[in-house]
Structure formats: C-alpha cells, structure tokens
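S.K.: Have a look at the structure that comes next, please.
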Amino acid sequence: MLVSVYVPFLVTAALAALAPPVARRLPPRPAAWALVCVALVTAVGWTGSLALLAFTGVAQIPQIAKEGHWSVAVLRAEDPVYLAVAAGSALALATGIVSLGVAAVRHIRRLVRARQECADLPGRTELAVVDDDAPLAFALPGAPGRIVVSRGMLRCLDDDGRAALLAHERAHLAGRHHLFQGLWRLAAALNPLLRPLAAAGDFVLERWADEEAAARVGDRRVVAHAVARAALASAAASRPPALAATGGAVPQRVKALLSPPPARRRLPFAAGGLLLVLCCASLANAASDNDRMLDNAQWARCAAYADTARSWPADHEVRPGLHCVDHDRREHGERHL
C-alpha cells in the first residue's frame, strides 16, 4: 500500500496533463469516448486512494478501533501513512464529495431548465426559429431535443451555411453530447485535476459535431465557412450557449475543417488504456493491502484477549475475546480444509 495507493494520483495527474492536447489531435468521436473513460476511471481511482489514506487515520481513533475490534498499536506499526497525510486526504475527500453534490444539483437544474425551454418553444418540430435579431444557434437537450436558431443568425448565412449549421446542431442532439458534458463536469467537481480535461472535452464535442456536419453536407469548406461566420456574428455575446456551433476554440475548429480529417492512431489509445489499467490495478492492490493490515490488527487484538483470558480463574464469568479467537480459528480451519 505504501506505493500502490499513490499510483492513481500519479496516473490522474499524467492523464490530466497529456490527454487534453492529445485528444484535440485525434478523431473527435473516439477521442470523446476516451476522455469519458479517463474521467470515470481516474475519478474512481482518485476517490478510492483518498478514502484508503483517510481510513488509515480514522482507523487509529480508539473509539473506531474498539468498534472494529482491531489493535491500534499494531495498526500504527504496520501503517506507513503519516497522520497528516491521512487528515489531508480526509479533508480533500470531503471537499470533493460536497463539490460533487453541488455540481450534480446544478446539472440536474440545467437539464430541467432545458426541458422546460424545449416545451415553451413555439411549434413541435425539431427546429424552432425565434424572432430575435441577435445571432443565436444552439441545441437544447430534451425528450426530444430542439434546435433553436434566431432570425438574426439565419440572415448571416446562405443556404449551404444554414444546412451546415443545422447539421452541426443535429449532431449534438444525436450524439447526446450533453451527457458527455455532464459527466466531465461532475468528474472535475470531484477531482479538480480533471478541469483541463473537461475543457478539452467541450472542444472535442464541437469538433465531433463539425465532422458529422461535414460528412452530411459533403464539403468541409462549407462547414468551416459557416462556423466562422456564425462565430463572428455572435462575437458580441458574452458567453455562447452549451452545444452551440459558436462554442469552443473557433479558429482551431476552422483550421481542422480546412484540413483533411484526422488520421486514426492506435498508440495514444493503447498508452492511455495501459495507464488506466495501472490505475485500477494499483487501487485494487492498495485495497487488498489495507484489508490484510486490518486482519492483522484484528488478529493481534484477539490474541491479546486470549492471553488475558488464560490468566483468569477458571470460574470467571466474563471471558471477553475468546469468541473472537475461536471464530478466527474456525475460519482459518475452514480455509485450510
């Protein structure tokens, strides 16, 4: 546990630093799924390691040790974690859980508000055109989702540009990109190191929609021109809505659309997969070591009770601990059988 419990932290830090720039150069659809796997596995590894480190400190509290029936002295002797590290891990874990709860509430409210806006939009078709001079175009997730486009945005684009814009927003709805965004934001709330990954994920989703639109329209330059015109028209907006053609780093998106589609590369996915496997294996090994440490501490306490009980008179009424020793002996005997 001395080394393995810290490996998930190192893997998380490495992937948080390397995954965003690499994902921007990969085909966007598999890159988005890879970022989902990274977020899930590293969030679990981060939380599990913090929990194990925090438990080593909590387990040494006499009241907790009494309830768990283990020896504090043996636990301290076998425990390689400093109490300050355990306390810091407990604080980080509690902060992450609270932050996750707040982010989850905000995400649920955002989804409810999006569904309500979908229901309030005029008409029942997929496309809702609003009478607004401000250039707006975005997708609202719902059941089903809606595409909202203002008349001001439609006036900024020609027929091909409008087709590209609508294809982009349809790709957001068809790919359920709001679920990807929600997962990344929740993972980043639990683990602050994953915030760059969440930002890169938003860019990858826009690139995914760009590539889907280019495949549907059949001309990458048309989509690049539509994205650039829409972004310039809506530049006055303080912040583009989620799942909007004007979101993300527009110059990089336009540059990617003016280039051939990104080539498929196996090496980054294989390397990332190995790091995720290492994270899971290290966490499992740390959990196993922690369980063995507790078993030793429990066995030491039972043995101490047994030695104390043997020194008592034979007619003593209360003989605590003997049932624990007998239970352990039966367990070990059954294992040997």
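S.K.: For the stretch 1-89, go through all pairs of different Cα atoms, get the mean of 1/r, take its inverse, and jot down that Kirkwood value in Å.
M.R.: Values: mean 1/r = 0.0663 Å⁻¹.
Computed over the stretch 1-89, the radius equals 15.1 Å.
S.K.: Given Cβ point charges of +1 (Lys, Arg) and -1 (Asp, Glu) and nothing else, what value in debye, to the nearest 20, does the dipole of the stretch 56-141 about its Cα centre take? Walk me through the intermediate numbers first.
M.R.: Details: 8 positive and 9 negative charges, 75 e Å.
So the magnitude is around 360 debye.
S.K.: Given the peptides 95-105, 204-214, 149-159, 221-231, arrange them by the average over their residues of other C-beta atoms within 10 Å, most packed first. Could you put the intermediate results ahead of the total?
M.R.: Values: 95-105: 14.4, 204-214: 25.2, 149-159: 16.9, 221-231: 22.2.
Packing proxy ranking, top to bottom: 204-214, 221-231, 149-159, 95-105.
S.K.: Let me ask something else about it. What does the accessible area per residue of the stretch 1-155 come to in Å², with a 1.4 Å probe and no ligands, DNA or RNA counted?
M.R.: Values: 8090 Å² over 155 residues.
Accessible surface, normalised per residue, equals 52 Å².
S.K.: Considering only protein heavy atoms, with the full assembly of protein chains and a 1.4 angstrom probe, order R76, R264 by accessible area, largest first. Mind dumping the intermediate values first?
M.R.: Numbers: R76 140, R264 200 Å².
Reading off the accessible areas and sorting them downward yields R264, R76.
S.K.: Which whole-number percentage describes the relative contact order of the stretch 1-144, with Cα contacts under 8 Å and a sequence gap of 6 or more? Walk me through the numbers on the way to the answer.
M.R.: Values: 76 pairs, mean separation 28.9, N = 144.
Relative contact order here is 20 percent.
S.K.: So, with +1 on the Cβ of K and R and -1 on the Cβ of D and E, and no other charges, what is the size of the charge dipole of the stretch 140-204 about its Cα centre, to the nearest 20 debye? If you can, show how the numbers build up before the last one.
M.R.: Numbers: 8 positive and 5 negative charges, 50 e Å.
My answer is approximately 240 debye.
S.K.: Another question, if that's okay. Largest first, what is the accessible-area ranking of W46, W299, W33 with a 1.4 Å probe? Mind dumping the intermediate values first?
M.R.: Details: W46 45, W299 115, W33 135 Å².
These residues rank, largest area first, as W33, W299, W46.
S.K.: I've got another one for you. Using the crude model of +1 on Lys and Arg Cβ and -1 on Asp and Glu Cβ, and no other charge, please compute the dipole size for the stretch 1-154 relative to its Cα centre, in debye to 20. Each step should come with its number before you reach the end.
M.R.: Details: 13 positive and 9 negative charges, 44 e Å.
Here the size comes out at about 220 debye.
S.K.: Ok, one more. Can you find, among H172, L100, A86, the residue sitting farthest towards the positive end of the charge dipole of the stretch 86-215, where Lys and Arg contribute +1 and Asp and Glu -1 at Cβ?
M.R.: A86
S.K.: Out of the total accessible area of the stretch 41-129 (probe 1.4 Å, heavy atoms of protein only), what percent is carbon and sulfur?
M.R.: Values: 3510 of 5200 Å².
After summing per-atom areas, the C and S share lands at 67 percent.
The values are calculated or read from the model by the stated rules, or taken from the named source; none is laboratory data. Being a predicted model, the structure only gives us computed values, none of them experimental. Glycine also receives a Cβ, built like all others from the backbone with ideal geometry; neighbour counts cover every protein chain displayed. Accessible surface areas use protein heavy atoms only, side chains included; no ligands, DNA or RNA. Shrake-Rupley method; radii C 1.70, N 1.55, O 1.52, S 1.80 Å.
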